[in-house]
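Data first, discussion second: the structure below is written as structure tokens.
The values are calculated or read from the model by the stated rules, or taken from the named source; none is laboratory data. This is a predicted model, so every value here is computed, not measured. Every residue, glycine as well, gets a Cβ built from its backbone with ideal geometry; the counts of neighbours run over all protein chains shown.
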Amino acid sequence: MLELWTSEPNTFFLKPLIALHEKRAAFTARWMDTDALAHFSVDHGGETEATLHLEREGPLLNHDGTWISGSSFMLEYLAEVLPGEDLLPSGAIDRYEAHASAQFLGAHLGALVPILGCVKYLAPRLAAHDRADLERRLLTVQPLERRNSWLALIDGTYTPQILATARERLKHPVARVESRLARAEWLAGPRYSIADIDAFAMLRVIPDLAPELVNAAATPRLCAWLARIESRPAVAAALATTRSGNPAQHFVPGVEPSRWG
Amino acid sequence: MLRLYHWEPNANSGKPMLTLAEKGVPFESHYLDLLKFDQHQPDYLKVNPDGTIPAMVHGSNVLTESTPMMEYVDDQFPGPPLKPADAIERWRMRWWMRFFDSYFAPSLSMIGWAVFVGPSVRHRPRAELEAAIARIPLESRRIAWRKAMFNEFSAEELDESRRRVSFCTGVLEEHLGKHEWIAGRTFSLGDINGFNLGYALPLSQPDRCNDEKTPRIMEWLRRIYERPATKQTWKLGRTAMAERVKFLERAHA
């Protein structure tokens, strides 16, 4: 039995949905309204990995009773255990590239994209909720910084300076992907793989959030790569699971930015 | 032959060192002294333009990310498998390695850089330190070195790091109450990663990690310490830092 606790198909939530559709796997989708903090109420029996969440928020998978969390490693797990289209890079160095890409982009895009997306789209929606009720429901959330990331959105902590820094820091990972795509068609090895799905889910929203960074003139290869992935039927099917009709406008706070400054 | 550029058997450098020893893969060792900034010298920047340690060169492949590097070694070479055969255990191994790398280690290393790395270099002339910072390729590493050299860690961020180290130590102790090893029933790269992060915890954080408060962590560390590959790897250390591993001798218990 494969059950996916999911939400609007964007960023972290989009990754396993694409893999499941690529694999044509039968699964049960359990919807979580993250704007209403429903994802904090999933009964996973207090499993450490499901409680802590490497990325602070994201999908949960229950496979025959075991809870799987962390969108990149969930993606790799699905690629390993499900039959169907092979999504794993085949050689040791290609697998290294996939792991290194997911680690690097996970730390950078995983932190920066949600900041821009949440401030633009989530914060205004949260403002329409009852503040005292939101704060009450966040009281028990662990770890502490996961709770604080939501409180920061409610409090409007993100200054224009923080957002400008986030945009500036996005240049490095964007340039790295553009540079890789100048040397190869895909991010790890000679064919489409979990490395592409992992990066696509975070990069596809940047033309909206920071259009000056990702556009046909500045990053032609990245734009062509986004279009190639976008045209895949499994990706269209994953995006079609949206309930709002605008999945790219739905964000959750993501990976914590480095505390070293 | 495979070339490994590394510092002491500790943290990121120790991960591929111990992995190679467990697999029985010989390698050409290139020791870089982190405290002398060998990693920012032109010769090394030709190998790894980011100037971070470790780096591995295998044929035409250059690998610079320590945790993915461990998986590469396990995939590429014969020897005992260091990834579990079971997919759930492999997922758990990877989850915990990311938890160590992205959450536990940065807090622990902030304390380490404040109390050890910074004071080790701070006495040098300011101009020499500024020149050393100017040679660092990555902005994030320049920020880290500046903080360590000039003691710019605030009391608040060090307190927060200590809070997180306490929290993570508790989470790890609880995990080892449910599983024999990090991934489950199988010794794996997760344990190698965790040992490099935590082998000195009983010395650096004696109030948080000890036989009374964290008996499972202590037993887990001792079991890994007793593996021949661990003994072999820590002998490659050149400073007192590597000597700390001997605290795990059972005679000290």
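Observations
- For the stretch A:175-197, the criterion of a residue being farther than 30 Å from A:Gly84 by Cα and crowded, with 20+ Cβ neighbours inside 10 Å is satisfied by no position.
- Those residues of the stretch A:42-100 which are basic (Lys, Arg) and either facing chain B (nearest Cβ under 10 Å) or in a helix (DSSP H, G or I) (or both), in sequence order: A:Arg95
- Selected residue [within 20 Å of the chain's Cα centre (by Cα), within 24 Å of B:Asp50 (Cα to Cα) and modelled with pLDDT of 95 or more] from B:Leu197, B:Leu158, B:Leu176: B:Leu197
- Among the residues of the stretch A:228-261, the ones that are in a loop (DSSP other than H, G, I, E, B) and either touching a Cys at 6+ places or on another chain (Cβ under 6 Å) or more than 14 Å from chain B (Cβ to nearest Cβ) (or both) come to 13 in all.
- Filtered residues of the stretch B:198-253 (kept if within 23 Å of B:Val25 (Cα to Cα), surrounded by fewer than 17 Cβ atoms within 10 Å (Cβ to Cβ) and out of contact with any strand residue (DSSP E or B) (no Cβ under 8 Å at 6 or more places or on another chain)): B:Arg223, B:Glu226, B:Pro228, B:Lys231, B:Gln232, B:Lys235
- Residues that are touching a strand residue (DSSP E or B) at 6+ places or on another chain (Cβ under 6 Å) and touching a residue at least 60 places away in the same chain (Cβ under 8 Å), drawn from the stretch A:17-39: A:Ala29
- Any hit, the stretch B:186-195, residues being away from every other protein chain (no Cβ under 14 Å), without any contact (Cβ under 8 Å) to a residue 40 or more places away in the chain and assigned to a helix (DSSP H, G or I): yes
- Restricting attention to the stretch A:1-41, the residues that are small (Gly, Ala, Ser), in a loop (DSSP other than H, G, I, E, B) and in contact with a helix residue (DSSP H, G or I) (Cβ under 6 Å, 6 or more places away or on another chain) add up to 1.
- Among the conditions (1) under 26 Å from B:Trp113 (Cβ atoms); (2) surrounded by fewer than 22 Cβ atoms within 10 Å (Cβ to Cβ); (3) away from chain A (no Cβ under 14 Å); (4) of a type outside the set (Lys, Arg), the only one that B:Gly24 does not satisfy is (1).
- From the list A:Glu135, A:Glu145, A:Glu57, the one residue that fits, being crowded, with 21+ Cβ neighbours inside 10 Å, out of contact with any Lys or Arg (no Cβ under 7 Å at 6 or more places or on another chain) and modelled with pLDDT under 95, is A:Glu57.
- Residue within the stretch A:216-234 that is over 29 Å from B:Ser140 (Cα atoms), surrounded by 17 or more Cβ atoms within 10 Å (Cβ to Cβ) and not hydrophobic (A, V, I, L, M, F, W, C) present: yes
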